[in-house]
Ligand SMILES: [Zn+2]
């Protein structure tokens with residue numbers, strides 16, 4: 001069990017996180033009105049977008065009004081940046097007010113303002129269990145891309161001491177982790193596993209020789225199986241966050257890890273990426289974000305990431321909506337009965353059943369109906385009946401779809417097989 005678990009799993013970074021729902025709605029509307037008017041007045045690119053949609057900034061009063069404005073696709077942002085020298089004319093302040101500029105693949109350029117809390121990572125790290133005085137190994141890249149600095153800013157706000165470790169050098173990373181009383185890790189989940197394996201290879205006892213207690217991971221998917229493996233290996237609390245170079249922190253897990261709370265610095269919509277229609281809670285769609293950031297006020301930015309809202313309130317007390325994880329990119333999903341099914345969602349489901357050795361989802365069509373079949377291979381000596389019932393329920397909870405389950409003999413499926421096979425014939 002984690003030392004100091006209570007200290008790390010209680011409290012909030014900012015009282016805003018627990019504001020009552022009514023107050024939150026008022027806050028959101030006020031922030032939205034302010035940012036749209038600011039962006040219209042100061043960013044030429046945003047003014048053009050609103051004018052083209054024939055929307056006056058004063059007409060955007062609340063989240064529903066935003067829908068009149070088309071989503072700004074990520075690919076469009078790349079094009080706009082190519083056409084207009086500085087951030088596609090979407091910057092909301094003069095360039096001399098910036099602190100840094102980052103470059104991500106695309107290429108896409110992202111600004112950082114001078115404000116200490118820029119990127120909004122403080123709340124995310126606190127919610128993940130980081131506290132003042134933690135010594136943290138920050139394994140996000142510090143050069144060109146913003147990951148390293150983004151975390152660095154947030155860690156400073158929380159009062160942590162940072163080792164700017166960056167990426168790679170797994171042997172040195174493992175040695176630092178053993179030599180210094182490092183209590184926190186920030187980086188991708190897979191790299192933490194690489195470091196753990198390297199540490200074992202070097203003969204360190206990962207549980208005894210290291211003092212790691214908390215990890216904040218991001219930048220890639222965190223399958224539940226990997227989270228469990230890391231938590232067991234290090235006796236560490238692993239929480240994830242979701243953010244992008246363009247937007248900063250968008251959402252993050254709290255101690256309950258039941259979805260990711262939205263940051264108070266953003267307004268998030270989940271929409272059908274083809275029709276732009278809003279999705280109901282639980283239904284997957286594209287994450288579209290408006291940031292309350294005067295430096296780089298992106299309005300209705302389509303991330304291309306797929307997620308869904310969680311409806312129930314969170315026992316942690318934070319009143320923000322939550323995202324049910326990131327399932328993947330919109331282009332990779334298969335649509336079944338009008339609902340997106342992404343391999344990551346299926347991994348999430350299957351990850352909850354250690355008895356499932358291999359799996360494959362087959363999407364077919366019977367009559368005019370899509371059919372979805374989960375083909376699974378089970379480990380030996382498993383009591384099938386309760387497992388299949390529980391699996392059915394989990395599939396319905398996560399995918400909002402019913403599926404057939406077919407238990408196939410061991411050796412039927414291969415690791416290299418496609419995870420979702422679409423055998424529907426059209427016409
Ligand atoms: Zn919570």
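The values are calculated or read from the model by the stated rules, or taken from the named source; none is laboratory data. As the structure is a computational prediction, the values presented were derived from the model and not from experiment. With ideal geometry, Cβ positions are generated from the backbone for all residues, glycine too; neighbour counts draw on all protein chains shown.
Points to keep in mind about this one:
- Among the residues of the stretch 140-149, none qualifies, meaning not one is within 21 Å of the chain's Cα centre (by Cα), closer than 24 Å to residue 196 by Cβ, within 16 Å of the ligand (Cβ to nearest atom) and part of a loop (DSSP other than H, G, I, E, B).
- Note on the stretch 233-268: residues that are over 23 Å from residue 286 (Cα atoms) and within 13 Å of the ligand (Cβ to nearest atom) amount to 2.
- Some residue of the stretch 170-183 being surrounded by 17 or more Cβ atoms within 10 Å (Cβ to Cβ) and either closer than 30 Å to residue 319 by Cβ or within 16 Å of the ligand (Cβ to nearest atom) (or both): yes
- Tally of residues being farther than 21 Å from residue 227 by Cβ and either at pLDDT below 90 or touching a helix residue (DSSP H, G or I) at 6+ places or on another chain (Cβ under 6 Å) (or both) across the stretch 348-362: 1
- Residues of the stretch 305-317 satisfying the condition of being at pLDDT 95 or above, outside any strand (DSSP E or B) and within 23 Å of residue 30 (Cβ to Cβ): 317
- Matching option when the condition is more than 25 Å from residue 149 (Cβ to Cβ) and in the same structural domain as residue 135 (by TED's automatic domain parsing), among 203, 218, 184: 203
Residues are listed down the side, and each one gets a yes or a no for (1) in contact with a strand residue (DSSP E or B) (Cβ under 8 Å, 6 or more places away or on another chain); (2) surrounded by fewer than 20 Cβ atoms within 10 Å (Cβ to Cβ); (3) touching a residue at least 60 places away in the same chain (Cβ under 8 Å):
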position	(1), (2), (3)
310	yes, yes, no
333	yes, no, no
372	yes, no, no
392	yes, yes, no
396	no, yes, no
406	yes, yes, no
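- Residue list for the stretch 337-358, filter: in contact with a strand residue (DSSP E or B) (Cβ under 7 Å, 6 or more places away or on another chain) and surrounded by fewer than 22 Cβ atoms within 10 Å (Cβ to Cβ): 337, 343, 344, 355, 356, 357, 358
Table: residues versus (1) within 16 Å of the ligand (Cβ to nearest atom); (2) not in a strand (DSSP E or B).
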| site | (1), (2) |
| --- | --- |
| 297 | no, yes |
| 303 | no, no |
| 319 | yes, yes |
| 325 | yes, yes |
| 331 | no, yes |
| 335 | no, no |
| 340 | no, no |
| 344 | no, yes |
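- Test: residue in the stretch 113-124 that is part of a strand (DSSP E or B) and under 30 Å from residue 298 (Cα atoms): yes
- None of 88, 45, 106 is assigned to a helix (DSSP H, G or I) and on the phi > 0 side of the Ramachandran plot except 88.
- Candidates 227, 239 - the one that is under 30 Å from residue 397 (Cβ atoms), buried (at least 18 other Cβ atoms within 10 Å of the Cβ) and within 13 Å of the chain's Cα centre (by Cα): 239
- Candidates 222, 226, 230: the one that is more than 16 Å from the ligand (Cβ to nearest atom), in contact with a helix residue (DSSP H, G or I) (Cβ under 8 Å, 6 or more places away or on another chain) and assigned to a loop (DSSP other than H, G, I, E, B) is 222.
- Those residues of the stretch 150-185 which are farther than 16 Å from residue 129 by Cβ, touching a residue at least 12 places away in the same chain (Cβ under 8 Å) and in a helix (DSSP H, G or I), in sequence order: 150, 152, 153, 156, 170, 171, 173, 174, 175, 176, 177, 178
- Scanning the stretch 53-74 for residues that are assigned to a helix (DSSP H, G or I) and in contact (Cβ under 8 Å) with a residue 12 or more places away in the chain, we see that the one that is surrounded by the fewest Cβ atoms within 10 Å (Cβ to Cβ) is 58.
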